[in-house]
Structures are given as C-alpha cells and as structure tokens.
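The values are calculated or read from the model by the stated rules, or taken from the named source; none is laboratory data. It should be emphasised that the depicted structure is a prediction, and the values quoted were computed from it without experimental measurement. Positions of Cβ are backbone-derived with ideal geometry, glycine not excepted, and every protein chain shown enters the neighbour counts. Just so you know, the surface numbers come from the protein's heavy atoms only, side chains and all, with ligands and any DNA or RNA stripped out. Shrake-Rupley method; radii C 1.70, N 1.55, O 1.52, S 1.80 Å.
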Amino acid sequence: MAEIHEISEFLQKGRAKNVKALVQEALDEGKDPKVILNDGLLAGMMVIGEKFKNNEVFVPEVLVAARALNAGLAILEPKLVEVGNEPVGKVVIGTVKGDLHDIGKNLVAMMLKGVGFEVTDLGVDVEPAVFVDRAEEVGANVICMSALLTTTMPSMQAVLDELNSRGLREKYIVMVGGAPVNQSFADQIGADYYTPDAATCAETAKAAVEK
C-alpha cells in the first residue's frame with residue numbers, strides 16, 4: 001500500500017523514480033489526488049524549502065528534490081484537472097531582458113510549485129511586454145522577475161512601466177529578486193515585494209494571494 005508520507009520522504013531525498021512509482025500506486029489504490037499532492041509532494045517540498053532557507057540543504061539538493069516533484073506532478077496533473085483542483089494562484093516568472101541567468105529563477109519556480117502555484121516559466125532574457133502579455137494570457141495573479149546583473153535591473157522598471165501604461169498595475173502582485181536587488185530598489189521601482197531567497201518568495205507570494 002502506498003503511504004503518502006513516503007512520497008514526501010522520497011521527494012526530500014530526490015528519489016524521482018520512487019516518487020513516481022508511489023504516486024502511481026496511490027492513484028491506483030483510489031487515493032484522492034489532492035491529498036497525494038498536498039500531503040505527499042507539496043509537504044516534502046515545503047520541508048526542503050525550509051531547510052534551504054536555514055542553510056541545512058543547498059542548491060543541488062533542492063534541484064534533485066524539484067526533479068522528483070516534477071516526476072510526481074507529471075503523473076498527478078491529469079488527475080488533478082479531472083477533480084478540478086484549484087491552484088493557490090498563477091504566477092508568471094522569468095529572468096529580465098538582457099540577463100541569461102536561470103538557476104535562481106528555476107529555484108524560485110520550483111518553490112512556487114511547491115506551495116501550490118501554477119507556474120508559467122518564461123525563461124531568460126524576457127522582454128517587458130512578454131511578462132505582461134503572458135500574465136494576461138494565463139490569468140496570473142503574480143509576476144515574478146529575477147535579475148543577476150546590476151546592468152539588467154532597469155528592465156524590472158520597464159515591466160512596471162509596461163503595466164502602468166496599459167492600466168494593469170493594480171491587477172498584479174509584482175515580486176522582484178536576485179543577487180543585486182534589494183528592498184530599496186524594489187521600493188524605488190514600485191514593486192510590491194522583494195524577497196532574498198526562493199523559499200521566502202514562495203511563502204510571501206502565497207500569503208499575498210490569500211490576502
């Protein structure tokens with residue numbers, strides 16, 4: 001019999017094959033897909049997020065856990081659609097124009113999935129208009145932007161200018177992060193939130209959407 005807590009434990013160890021097999025087994029036994037998601041996959045990812053924040057695990061461990069999460073989600077998502085599982089919210093995320101760094105952005109995307117968001121990852125070097133177009137297209141609540149170079153930080157301002165010029169600023173929670181970004185820069189450009197790490201970003205986004 002597939003035990004839900006085992007899914008969480010294997011996910012934390014990054015054992016994608018075991019996670020996949022257990023998720024399938026749990027579905028075959030008729031377990032509720034939402035329970036498998038929340039008490040299995042997401043519970044495991046939350047533990048990893050917390051440990052990452054406390055420097056108890058590092059980027060490689062997070063990435064293998066994330067791979068295990070994705071393996072489980074691939075099997076679970078069609079079932080979740082069938083039962084009409086509503087995500088916490090929808091996020092579009094990307095690294096801003098001129099910047100090709102993606103490790104931090106990928107971690108944030110994983111952590112957002114880990115707290116129950118539906119995530120649209122736009123990749124790197126994303127034009128300001130694309131953030132807004134895609135957010136409108138998928139019905140997002142949150143726009144997350146990452147920059148790792150001081151020279152690309154102005155692109156974050158450009159996304160906010162784009163939102164303002166289209167009269168859409170009030171519609172979205174705008175979050176920024178990345179090594180050179182700080183709270184005063186976020187305040188200066190008019191972003192809603194700056195967070196220093198991936199786990200905090202996910203928690204803050206969830207709290208903001210639920211509010």
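Using the alpha-carbon atoms, what tilt in degrees (0 to 90, nearest 10) does helix 16-28 show relative to the longest principal axis of the chain?
So the inclination is approximately 60 degrees.
Could you work out how far the C-alpha centroid of the range 155-211 sits from that of the range 6-79, in angstrom?
28
Residues of the range 84-174: accessible area per residue at 1.4 Å, in Å²?
Averaged over the residues of the range 84-174, the accessible area is 41 Å².
Give a residue-ordered list of calculated ³J(HN,Hα) values for the range 206-211 (Karplus: 6.51 cos²θ - 1.76 cosθ + 1.60, θ = phi - 60°; whole Hz; x for Gly, Pro).
5, 4, 5, 6, 5, 6
Could you please state how large a percent of the accessible area of the range 1-132 is carbon and sulfur, counting protein chains only and using a 1.4 Å probe?
Of all accessible area on the range 1-132, carbon and sulfur atoms account for 54 percent.
Using a Gaussian network model on the chain with a 10 Å cutoff between Cα atoms, which of Asn38, Asn182, Asn55 fluctuates the most?
Asn55
Send over the Kirkwood Rh of the range 9-121, from the inverse of the averaged 1/r over different Cα pairs, rounded to one decimal Å. Working shown, then result.
Numbers: mean 1/r = 0.0694 Å⁻¹.
By the Kirkwood definition, the hydrodynamic radius is 14.4 Å.
Can you check what the net charge comes to around Asn141, using other residues whose Cβ is under 14 Å from the Cβ of Asn141 (Lys, Arg +1; Asp, Glu -1)?
Details: positive: Lys90, Arg134, Arg169, Lys171, Lys206, Lys211; negative: Glu86, Glu118, Glu136, Glu137, Glu170, Asp192, Glu210.
Combined, the nearby Lys, Arg, Asp and Glu give -1.
Once the other residues with Cβ under 14 Å from the Cβ of Leu73 are scored (Lys, Arg +1; Asp, Glu -1), what is the net sum?
Residues close to Leu73 contribute a combined charge of +2.
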